[in-house]
Structures are given as structure tokens and as C-alpha cells.
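S.K.: Before we start, here is the structure in question, set down as C-alpha cells.
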Amino acid sequence: MVLAVVVGVAGGYALSRTRYRRKNALVVFLVAALAVPGYSLLSPITVMATTLHLTNNLATLIVIYASLSVPFVVWLMKAQVDAVPREIEQAAAMDGYSRFATIRKIVLPVIRPGILAAALFAALTAWNDYVINSVLTSDQSHRTIPAALQFFMTTLGIDWGPLMAGAILATLPPVLLFLVFRRQVTQGLASSGAVKG
């Protein structure tokens, strides 16, 4: 989540505020990346991870989950930064702020609801994953909760009690996070144009 948000905020700011010739092509590529289902990349990811001996590796999972979330986070952050008037940044520059100080002290506090929404999306993408985690890991210590729940289903039958308890425990953190931060998430998505109304 942290990696996806850091890369996404930097990429969204760069797409929003810099001018270069191929900017529109990059935005089209970003939207096209959003249209590609993550599971369609499972075969190439598995081949690369197996060839490079990166299965059963937590760092591999972190990079894969971050890369699946980055296109959405960049798109959301670009929309958030687009909503911040350039005049505010120009006034900060006239007051002697560097670009980094302007981003840190002015832009980031304004787009904080969008950052929170993007962070929740990236966290839930990794939290809810079953397929990628099941394919790339056999070590139980690297399994996400949905992938670990499969161990309650054996050839002898299904151990329903622990399976249902694990399923409830798996759903509690996302539900609680959304209940705690629902206003900020809704505000972040609404201000980016992701929802109407």
C-alpha cells in the first residue's frame, strides 16, 4: 500500500503539473492499464517469478500488489491534483517555497482525502487477493487470509467452524477501516470525479 501510494502520488502530480509532448499518450496508456484485469497477467507473472526463483518471497508479492494498484492510484491522484488551483502553488513559489515544500505543505494536505481513498484501495487489493497469493506462495507465513482459508478445506472435508471464523476475521478489518474513514474516502472519490452526486 505504501509503495503504491508513494509512486501514485508522485506520478499523479507529475501527470497533472508537468508539460511534455507525449503526456496524452501516457494518460491513454494509464487508462488502458486500468482496463486490463490483474488476473490476465497471472501467467506471465508466474513464469517470471519461477524463472527468477522469486516464489515464496514477500518482496515479490509487495511489488506485484503495488504494481496492480499503481495505475488506479496515479489516475486518482492526477484528478486530485488537477482540482488544486495552480495559482496556490505559484503564490507559494513567490513566497519562497521550493517545489518540494509546496507539495509537502500545500498540495498534500489538500489532497489528503484522495490519498486516503487510494491507500484503502491499494490495501484492499492486497488484503483480498486469493489467486496470485495462492499461485506464488506455498509457505503459510506469506499467505493472505483468503488464501490461508483454503487450508480448512481438505480431502477429508471442510472444517466449517474455523473456516467461518477466519472468513469473519478476514472481513472485519476492511469493514472497520471503511466505517472509520468513510467520510474521507467518499470526499476523496467525489472530489476526483470518480463518483457523481
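The values are calculated or read from the model by the stated rules, or taken from the named source; none is laboratory data. Remember, it's a predicted structure, so these values are computed and weren't measured experimentally. Cβ placement follows ideal geometry from the backbone for every residue including glycine, while neighbour counts extend to all protein chains displayed. All accessible areas refer to the heavy atoms of the entire protein, side chains included, with ligands and DNA or RNA removed. Shrake-Rupley method; radii C 1.70, N 1.55, O 1.52, S 1.80 Å.
S.K.: Here's a check for you: in the range 172-197, which residue that is surrounded by fewer than 13 Cβ atoms within 10 Å (Cβ to Cβ) and β-branched (Val, Ile, Thr) is modelled with the lowest pLDDT?
M.R.: Among them, the one singled out is Val195.
S.K.: Counting only residues that are farther than 21 Å from Leu116 by Cβ and open to solvent by 60 Å² or more (accessible area, probe 1.4 Å), which one in the range 57-66 is nearest to the chain's Cα centre (by Cα)?
M.R.: Residues of the range 57-66 farther than 21 Å from Leu116 by Cβ: 57-61, 63-64.
Next, only the ones that are open to solvent by 60 Å² or more (accessible area, probe 1.4 Å) stay: 58, 63.
Values: Leu58: 17, Val63: 11 Å.
Filtering first and then ranking leaves Val63.
S.K.: Would you mind finding the one in Ala14, Ala33 that is of a type outside the set (Ser, Thr, Tyr), surrounded by 13 or more Cβ atoms within 10 Å (Cβ to Cβ) and closer than 30 Å to Ser138 by Cα?
M.R.: None of the other options fit; the residue is Ala33.
S.K.: Do we find a residue being under 24 Å from the mean Cα position of the chain (by Cα), surrounded by fewer than 18 Cβ atoms within 10 Å (Cβ to Cβ) and farther than 30 Å from Thr137 by Cα anywhere in the range 92-104? Show your work before the answer.
M.R.: We begin by selecting, within the range 92-104, every residue under 24 Å from the mean Cα position of the chain (by Cα); these are 100, 103-104.
Applying the additional criterion that residues be surrounded by fewer than 18 Cβ atoms within 10 Å (Cβ to Cβ) yields 100, 104.
Cutting the leftovers down to farther than 30 Å from Thr137 by Cα gives us 100, 104.
Within the range 92-104, one or more residues are under 24 Å from the mean Cα position of the chain (by Cα), surrounded by fewer than 18 Cβ atoms within 10 Å (Cβ to Cβ) and farther than 30 Å from Thr137 by Cα.
Table: residues versus (1) under 27 Å from Leu116 (Cα atoms); (2) in contact (Cβ under 8 Å) with a residue 24 or more places away in the chain; (3) touching a helix residue (DSSP H, G or I) at 6+ places or on another chain (Cβ under 8 Å); (4) not aliphatic (A, V, I, L, M).
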residue	(1), (2), (3), (4)
Gly11	yes, yes, yes, yes
Tyr20	no, no, no, yes
Leu26	yes, no, yes, no
Leu30	yes, yes, yes, no
Ser40	no, no, no, yes
Ile45	no, yes, yes, no
Met48	no, no, no, no
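S.K.: Can you name the residue in the range 144-161 that is in a helix (DSSP H, G or I) and within 20 Å of Ser67 (Cβ to Cβ) and, of all such residues, is most open to solvent (accessible area, probe 1.4 Å)?
M.R.: Pro146
S.K.: Quick one: count up the residues across the range 16-48 that are closer than 21 Å to Thr125 by Cβ and either modelled with pLDDT under 80 or assigned to a helix (DSSP H, G or I) (or both).
M.R.: First, the residues of the range 16-48 that are closer than 21 Å to Thr125 by Cβ: 29-46, 48.
Okay, now just the ones that are also either modelled with pLDDT under 80 or assigned to a helix (DSSP H, G or I) (or both), so 29-35, 38-46, 48.
Result for the range 16-48: 17.
S.K.: For residues in the range 36-56 being of a type in the set (A, V, I, L, M), open to solvent by 40 Å² or more (accessible area, probe 1.4 Å) and under 18 Å from the mean Cα position of the chain (by Cα), which is nearest to Thr137 (Cα to Cα)?
M.R.: Going through the range 36-56, the residues of a type in the set (A, V, I, L, M) turn out to be 36, 41-42, 45, 47-49, 52, 54.
Restricting the remaining residues to those that are open to solvent by 40 Å² or more (accessible area, probe 1.4 Å) gives 36, 41, 47-48, 52, 54.
Add one more test, that the residue is under 18 Å from the mean Cα position of the chain (by Cα), and what stays is 36, 41.
Numbers: Val36: 23, Leu41: 16 Å.
Ranking the qualifying residues of the range 36-56, first place goes to Leu41.
S.K.: Take the range 110-143 and flag every residue that is open to solvent by 60 Å² or more (accessible area, probe 1.4 Å) and without any contact (Cβ under 8 Å) to a residue 24 or more places away in the chain.
M.R.: Selection gives Tyr130, Gln140, Ser141.
S.K.: What single numbered condition from (1) over 14 Å from the mean Cα position of the chain (by Cα); (2) more than 15 Å from Val2 (Cα to Cα) fails to hold for Leu76?
M.R.: Among (1) over 14 Å from the mean Cα position of the chain (by Cα); (2) more than 15 Å from Val2 (Cα to Cα), Leu76 violates only (1).
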